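Peer 1: Encoded as structure tokens, here's the structure I'll be asking about.
Where a number appears in this text, it was derived from the coordinates with a stated rule and is not lab data. Note that the structure is predicted; figures quoted are calculated from it, not measured.
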Amino acid sequence: MNMFDLSGKVALVTGASYGIGYAIASGMAKAGAKIVFNDINQELVDKGLAAYAADGIEAKGYVCDVTDEEAVNALVAKIEEEVGVIDILVNNAGIIKRIPMCDMSAADFRKVIDVDLNAPFIVSKAVIPSMIKKGHGKIINICSMMSELGRETVSAYAAAKGGLKMLTRNICSEYGEHNIQCNGIGPGYIETPQTAPLRERQPDGSRHPFDQFIISKTPAARWGKTDDLVGPAVFLASDASNFVNGHILYVDGGILAYIGKQP
Ligand code: NAP
Ligand code: GCO
């Protein structure tokens with residue numbers, strides 16, 4: 001079972017002050033990894049550091065906007081100097097804007113693409129050279145149900161996450177010969193701040209219509225929890241997945257396999 005041990009590995013998880021990134025980073029820490037994370041401002045980084053410390057995890061946090069290539073290159077150089085070469089990268093940072101496409105500005109569309117697709121390119125490009133020198137590396141891109149499906153109001157997000165699926169496959173294709181495995185995790189609908197608007201109780205105390213819809217579309221009949229993603233992430237970060245490459249591991253309670261319950 002040592003194949004799942006991450007001891008001696010440095011893991012960078014982007015946007016990991018809370019939410020899915022925090023859970024994945026915490027799980028990797030418990031598997032032995034040294035955790036490094038970034039977030040968009042010092043307040044969030046401090047919030048994350050306090051949370052990791054409360055969980056007994058010694059993490060290092062840095063302020064960095066993942067869309068800023070110069071800042072990302074400086075961050076990776078600083079991590080390599082202060083912590084060590086990054087063995088595991090989780091491209092987790094992401095945003096969503098839920099706006100009907102014809103009402104969405106090009107600027108809003110570009111912003112989502114910038115964070116959810118351009119940034120994983122930028123950060124992966126920054127860490128791959130040292131992974132090649134070291135002779136191994138793991139890149140895990142946090143994809144989505146929207147890597148496979150569309151729905152109203154999430155055109156930019158679906159385009160980005162669909163692109164992220166193919167960027168995952170291309171990094172696999174281009175760098176697999178250097179013993180770098182690049183895979184994706186496709187979470188289903190997970191209880192985090194990002195999906196909180198879809199789960200808000202209605203004024204009459206009833207469940208949000210979208211909440212009820214997702215329950216009917218999920219064989220597990222529940223929203224996912226961030227902890228549901230930890231095992232899959234540790235697997236893809238570990239030696240247990242050294243011959244798994246270009247794969248999107250959907251952790252969705254069965255949504256993609258299911259036509260949905262008859263009303
Ligand atoms: P979240 O709660 O909104 O957290 C996203 C994190 O990324 C936040 O800390 C956020 O900081 C950070 N971030 C955003 N833009 C950034 C930037 N430019 N530079 C650095 N950090 C940035 O989201 P989540 O639900 O945990 O989702 C994490 C990832 O999983 C995202 O890629 C999301 O698309 C994906 N995902 C989520 C679900 C779900 O159901 N929740 C399902 C599938 C996939 P701020 O607070 O400043 O924005
Ligand atoms: C939405 C949700 C989804 C989830 C996730 C599903 O508005 O449909 O935010 O996009 O965030 O990506 O996998």
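Peer 1: How big is the Kirkwood radius of the chain, worked out from every pair of different alpha carbons and given in Å to one decimal?
Peer 2: Numbers: mean 1/r = 0.0534 Å⁻¹.
The answer is 18.7 Å.
Peer 1: Cα centroids of the range 235-263 and the range 135-197: how far apart, whole angstrom?
Peer 2: Comparing the Cα centres of the range 235-263 and the range 135-197, I get a distance of 11 Å.
Peer 1: Moving to a separate point now. Evaluate the relative contact order of the chain (contact order divided by residue number), counting alpha-carbon pairs under 8 angstrom at least 6 apart; express in whole percent. Let's see the in-between values first.
Peer 2: Details: 513 pairs, mean separation 51.9, N = 263.
With pairs under 8 Å counted, the relative contact order is 20 percent.
Peer 1: Which pairs in the list 47/225; 138/217; 34/161; 9/47 are over 26 Å apart, alpha-carbon to alpha-carbon?
Peer 2: Values: 47/225 20 Å; 138/217 32 Å; 34/161 28 Å; 9/47 24 Å.
Violating the 26 Å limit, Cα to Cα: 138/217; 34/161.
Peer 1: Okay, next question. With the cut-off at 1.5 for a/c, could you classify the range 28-77 from its C-alpha gyration tensor as rounded, prolate or oblate? Please report the intermediate quantities before stating the final value.
Peer 2: Values: a/c = 3.33, a/b = 1.59, b/c = 2.10.
Taking the square roots of the gyration eigenvalues as a ≥ b ≥ c, the range 28-77 is oblate.
Peer 1: So what is the calculated 222 nm ellipticity per residue for the chain, using -39500 (n - 2.57) for each DSSP H run with n of 4 or more, over all residues, to the nearest 500 deg cm²/dmol?
Peer 2: On the way: 8 runs with 101 residues, N = 263.
Only helices count here, giving -12000 deg cm²/dmol.
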